[in-house]
Each structure stands twice: as C-alpha cells, then as structure tokens.
Amino acid sequence: MTDDIRQAFRMDNEVLAFRFTATVSDRVGSVPHERLDAPARLESWLRAAEFDVAAVSTTDLRDAVELREAIYRIGSAIAAGEPPDSGDVHTLNAFAAAGHAKATLEHGEHATWRLTKTAPVRDALGVLATNAIHTLGGPDRGRVKNCEGPGCAGLFLDTSRGSNRRWCSMNTCGNKVKKSRLAANRPDKAAVRRPSR
C-alpha cells in the first residue's frame, strides 16, 4: 500500500467492514469528511483493501455508500445496545447475497478474493457485507463500539482484556485526546511568574 493511499484513507481498523465505514471521518463533528467523493476514490479504496477491480461506475459508488451507511448504522445501534433498523439489516443481507467472490489461497500462502469479471465491485461489496455480518452477528457482537474521540464516532471492535478501549485508533483519535490533555495541563507561559529575589 502506498503512502498516498495511507494518507487518503484510514486503513488501520482490524475489521474490514469498519475500515470501509471509516471512509467518512469526523462523523459527529461539525464537518464530516467524505473520502468516497468520486468513483475513482472508491476504486482506490477497493484496491487498497486488496480487491482487484478495474473500473468503478457512479452506480457502484452509490451502492457502496448505501452499504457503508447501513453497516455504520447497524454497528452504532449495536454499540448503543439498541436493535438495528430492519431496513438496514435487509440492505446488508441483500448485498451479501448478491456477491459471488471466492476466497483463494494464492501461491499457497496469501489469502485473496477472486472476483467475477462481470461484476467485480458487486462481489467486493458482498465480501464487505459478509464481513460485517460475521462481526455484527458473531460472538464478538458485544465488543462493537463507537470511538469516543472528538467528532469521530467511528466503529471498532474492542478486543482489549478489560473491554475498556475508547478509541478506534491510538494513532489518530487516541493521540489527539492525549495531546489535547497535555496542552490543557501545560501552564500558560505568560501566567508563570519568576520568583522575586
């Protein structure tokens, strides 16, 4: 993965489907940041996630955003201990059923997805939907959380021993919180007086 892709997309989430939902950042901030603003950007993200897609249409982009938002709303509902919307669940299941990707072991050592030539983007979205289903409906369902970082609310799976993880990523949200705490606790230089002699 190139540095450009790393800078354009947050690819550090352990869960593939949650990595996909992170294509919108600062979801609850004053200005959410949409990273999938053109078909070429979706193509770049899919390639960064190791899906071999040749071209992405505006319809593919619309479908991808629909799936992404359904995954996000379901995950957020689960994190809040609420039942997910039945329409979102139907959307998620429909995308999973529509895909025809096959898992393969390439060169006997690297797991990859073989997509059909006729609908590779649909197949990739099917993999993302299936990954979301396994995460949101599996044994770790109770570990799904929303990030507490300022403005973030991104989804993550809390695998910490004490189930006390608060941020989607220590490298981004966790560091922002720690830096703001340090800045708040640092004495104002103008307010510090030198002792009189």
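The values are calculated or read from the model by the stated rules, or taken from the named source; none is laboratory data. Quick caveat: nothing in here was measured; it's all calculated off a predicted structure. We place every Cβ from the backbone using ideal geometry, glycine too, and count neighbours over all the protein chains shown. In case anyone asks, the SASA skips ligands and DNA or RNA and just uses the protein heavy atoms, side chains included. Shrake-Rupley method; radii C 1.70, N 1.55, O 1.52, S 1.80 Å.
Do the conditions hold for T135, that is, is it out of contact with any Ser or Thr (no Cβ under 6 Å at 6 or more places or on another chain), in a helix (DSSP H, G or I), at pLDDT 95 or above and more than 13 Å from F51 (Cβ to Cβ)? Before you say what the answer is, go through the steps one by one.
On the way: out of contact with any Ser or Thr (no Cβ under 6 Å at 6 or more places or on another chain): yes; in a helix (DSSP H, G or I): yes; at pLDDT 95 or above: yes; more than 13 Å from F51 (Cβ to Cβ): yes.
Considered against the rule, which asks whether it is out of contact with any Ser or Thr (no Cβ under 6 Å at 6 or more places or on another chain), in a helix (DSSP H, G or I), at pLDDT 95 or above and more than 13 Å from F51 (Cβ to Cβ), T135 comes out as yes.
Within region 100-132, can you find the residues that are touching a residue at least 24 places away in the same chain (Cβ under 8 Å) and in contact with a Ser or Thr (Cβ under 7 Å, 6 or more places away or on another chain)? Quick ask: steps written out before the conclusion?
Taking region 100-132 first, the residues touching a residue at least 24 places away in the same chain (Cβ under 8 Å) are 100-101, 112-113, 115, 120-132.
Hits for region 100-132 are H100, T112, D123.
Identify the residue in region 104-145 that is of a type in the set (S, T, N, Q) and under 21 Å from E69 (Cβ atoms) and, among all such residues, is least open to solvent (accessible area, probe 1.4 Å). Even if it seems obvious, please write down each step before you answer.
Start the filter on region 104-145 by keeping residues that are of a type in the set (S, T, N, Q), which leaves 104, 112, 116, 118, 130-131, 135.
Right, trim to under 21 Å from E69 (Cβ atoms) and you get 130-131, 135.
Details: T130: 53, N131: 45, T135: 19 Å².
By that ranking, first place goes to T135.
Return the residues of region 38-75 that are within 25 Å of E106 (Cβ to Cβ) and in a helix (DSSP H, G or I); say none if nothing qualifies. Give the steps one after another, and end with the answer.
Residues of region 38-75 that are within 25 Å of E106 (Cβ to Cβ), as a first pass: 42-56, 60, 64.
Within region 38-75, L42, E43, S44, W45, L46, R47, A48, D60, A64 qualify.
For residues that are open to solvent by 40 Å² or more (accessible area, probe 1.4 Å) and not acidic (D, E), tally how many sit in region 31-64.
The total comes to 13.
Which ones in region 1-37 are assigned to a loop (DSSP other than H, G, I, E, B) and either of a type in the set (A, V, I, L, M) or within 22 Å of T104 (Cα to Cα) (or both)? Talk me through it step by step, then tell me what you get.
Of the residues in region 1-37, the ones assigned to a loop (DSSP other than H, G, I, E, B) are 1-2, 9-15, 22-23, 26-32, 35-37.
M1, M11, E14, V15, A22, V28, V31, L36, listed by residue number.
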